[in-house]
Amino acid sequence: MKFPKSLITIFIIILIWVVITSLKLVDPIFIPGPVNLVDSLLGMSDTLPEATLRSLYMTLSGFGIGTILGVFMGLLMAYSKTFLETMGPTFDFIRPVPIFAMIPLFLLWFGPKVGTQIAFIALGVSVVLGVSTYESIKNIPIVYVRAAFNLGASRTRVYRTIILPCIFPHLVGAIRVAAAASWGLDVAAEFMGSQVGLGYNMIIQQLYLNTGGVIVIVIIYCILAISLDLIIRRIESAATRWTERSAMSHI
Amino acid sequence: MNEKIDNKKAEIEIRNLSFAYKLGKKKLEIFNNLSLNIYKNEFVCLVGPSGCGKSTLLRIIAGFIKPDNGVLLCKGEEIRDVSYKRAVVFQEDAIFPWMNVYSNVEYGLVSRKIDGKLRNDKVIKHLELVGLSDFINSYPRELSYGMRKRVDIARVLANDPDILLMDEPFGALDAFTKESLQLKLTEIWEKYRNTCLFVTHDLEEALFLSDRIALMRTDPNAPLLIYEVPFGRPRIAQLKTNIDFQKMRSNIIEEFRFGK
């Protein structure tokens, strides 16, 4: 088997890190060494499992709800002209509002509850997916839609059997972006007054100037985010085996 | 027009049809007062240079776009909407790349809620008809362009259409594949004789396939020129090199060139 090139890069970065920290070239407050990280990890071992589960639960729920909601909104905008005309301009107005600027309002309106945090993540995700869904539907080759109607398909059947599979490959890109963003949204959501979770623990570590602890949590977030991305890519390659794209590995 | 034919029942009746594309405030006239009858079990080719409006006419008959004026009847009833009875074979690749060959051919039948054995029999029969029985489980990207076209034809035929509307289906094919598909189509058509309107810019193709040619010109006000194609059936590949065939072809080209 060929040795993956990406591993070489990671190996070199880790090597530089070990050398810099063991020679004490930088103050450990900024870049702590490996021993420090292990210490921090062990120090947090009683809170980390629960915190990780909580963050995982919030992110996945928010991401899931947001994805379904966003895709549904996009489909509805394409399906119903009335819906598009009544709701479209409102969405266009809301969409550019930075989601993080909404944190104080969310706190004020809904309080620092789990539901609020999940809703916050879901809102951020659904905005991305609503737009992408609607745009991908508009870019579907018209000939497939015409052919389906011409063969006697009803409108709902066209949506189910033509539009959904047709937009899926385009949508996967947006879903991956949204999945990555949902971890960021989770961190922000936990900053608004959570009592458990990785983001909350990160603040605690920061307060005690324990940089090692912060880095440990960042690494946990990384592992979670990469795992979710891998799962989505697995599903993608299984569901889009029909495209020319999947037959092509490199241009 | 020919008396004998006019007594037959017209499957598609086009009278004084007009259509213009609207580009902002401007209007681009495509054709005015166009008339044409297509009779049952007849193969008509609509020929003309690109941009003359032949594909537009086909799309109007299919129900994808509405004409501005005039009468457009299918079996005596006004055409208002798309229907599987007027089946279209498109120039573009229209078979669904996310479904395998079987599901593609089955699509219309499922849409019309035809179930069970009847549906399966129709799919198998039509895949056999176009010679793709061995590719039932293949996906479109595994097939050549010519094979995809054959799947498209099978899909349309399996759906029991009254009229076939073919919009330059072989326009993007190389000469060899085109020839083999023309022969296949002729063979199938001579078996079932679906009423067919076939749009092409290739006069040789039109002469080879059709019973009648309607020549459309660039001038939107010019009426269609109709030519009866006298060659008998079954048609064989050698017909194309026949002297009468070549003579008729050059006559039509001459007439088109000098506008009559």
Check: Where both residues lie in chain B, what percent of DSSP beta bridges are antiparallel, nearest 5?
Finding: 55 percent
Next item on the list: Given the options A:Ile16, A:Ile226, A:Ile215, state which has the largest fluctuation in a GNM of chain A using a 10 Å cut-off (strictly under) for Cα springs.
Entry: A:Ile16
Next item on the list: Using only Cα atoms, tell me the angle between helix A:5-22 and the longest principal axis of chain A; keep it within 0 to 90° and round to the nearest 10.
Entry: 30 degrees
Notebook entry, point to check: Membrane-span-like helices in chain B: DSSP H runs reaching 15 Å or more (Cα, own axis), mean Kyte hydropathy at least 0.0?
Noted result: B:101-111
Notebook entry, point to check: Under unit Cβ charges (Lys, Arg +1; Asp, Glu -1), what dipole magnitude, rounded to 20 debye, does the stretch A:49-194 have relative to its Cα centre?
Noted result: 560 debye
Next item on the list: Run the quick spin-label model on B:Thr177 and A:Arg160: label points 7 Å from Cα toward the beta carbon, then report their separation in nm to one decimal.
Entry: 3.4 nm
Notebook entry, point to check: Treating the beta-carbon of each Lys and Arg as +1 and of each Asp and Glu as -1, no other charges, what is the dipole magnitude of chain B about its Cα centre, to the nearest 20 debye?
Noted result: 460 debye
Notebook entry, point to check: Antiparallel DSSP bridges in the protein assembly as shown: what percent, to the nearest 5?
Noted result: 55 percent
Next item on the list: Could you list the residues of the stretch B:186-218 with an amide nitrogen less than 20 Å from a label point located 7 Å from the Cα of B:Ala237 in the Cα-to-C-beta direction?
Entry: B:186-191, B:203-210
Check: In degrees from 0 to 90, rounded to the nearest 10, what is the angle of the helix A:48-79 Cα long axis to the longest principal axis of chain A?
Finding: 20 degrees
Item checked: Label-point separation in nm, A:Leu42 to B:Asn120, each point 7 Å along Cα→Cβ -> 6.6 nm
Checklist line | Residue order, fewest to most surrounding Cβ atoms within 10 angstrom, among B:Arg80, A:Arg157, B:Arg59 | finding: B:Arg80, A:Arg157, B:Arg59
Note to self: Angle check, please: helix A:164-191 long axis (alpha carbons) against the longest principal axis of chain A (alpha carbons), in degrees 0 to 90, nearest 10.
What the structure shows: 30 degrees
Checklist line | Length-normalised contact order for the stretch B:113-260 - Cα pairs under 8 Å, 6+ apart - percent | finding: 17 percent
Notebook entry, point to check: Mean separation of Cα pairs under 8 Å and 6+ residues apart, divided by the residue count of chain A: what relative contact order is that in percent?
Noted result: 27 percent
Item checked: Most mobile listed residue (B:Ala154, B:Ala172, B:Ala214) in chain B, GNM with C-alpha springs under 10 Å -> B:Ala172
Item checked: Centre separation in Å (Cα based) which lies between the stretch A:90-158 and the stretch A:28-67 -> 29 Å
Check: Considering only Cα-Cα distances, which of the following residue pairs are longer than 26 Å: A:Lys81/B:Lys66; B:Lys27/B:Lys66; B:Lys85/B:Lys125; B:Lys122/B:Lys184; B:Lys9/B:Lys184; B:Lys40/B:Lys122?
Finding: B:Lys9/B:Lys184
Next item on the list: Go ahead and estimate [θ] at 222 nm for the protein assembly as shown from helices alone: -39,500 (n - 2.57) per DSSP H run with n ≥ 4, summed, over the residue count, rounded to 500.
Entry: -18000 deg cm²/dmol
Checklist line | Rounded to the nearest 20 debye, dipole of the stretch B:30-131 from Cβ charges on Lys, Arg, Asp, Glu | finding: 260 debye
Next item on the list: Find the relative contact order for the stretch A:49-194 and round it to a whole percent, using C-alpha pairs within less than 8 Å whose residues are 6+ positions apart.
Entry: 39 percent
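None of the figures in this text is laboratory data; all of them are computed from the coordinates on show. Computed from a predicted model, the values in this text were never measured in an experiment. Every residue, glycine as well, gets a Cβ built from its backbone with ideal geometry; the counts of neighbours run over all protein chains shown.
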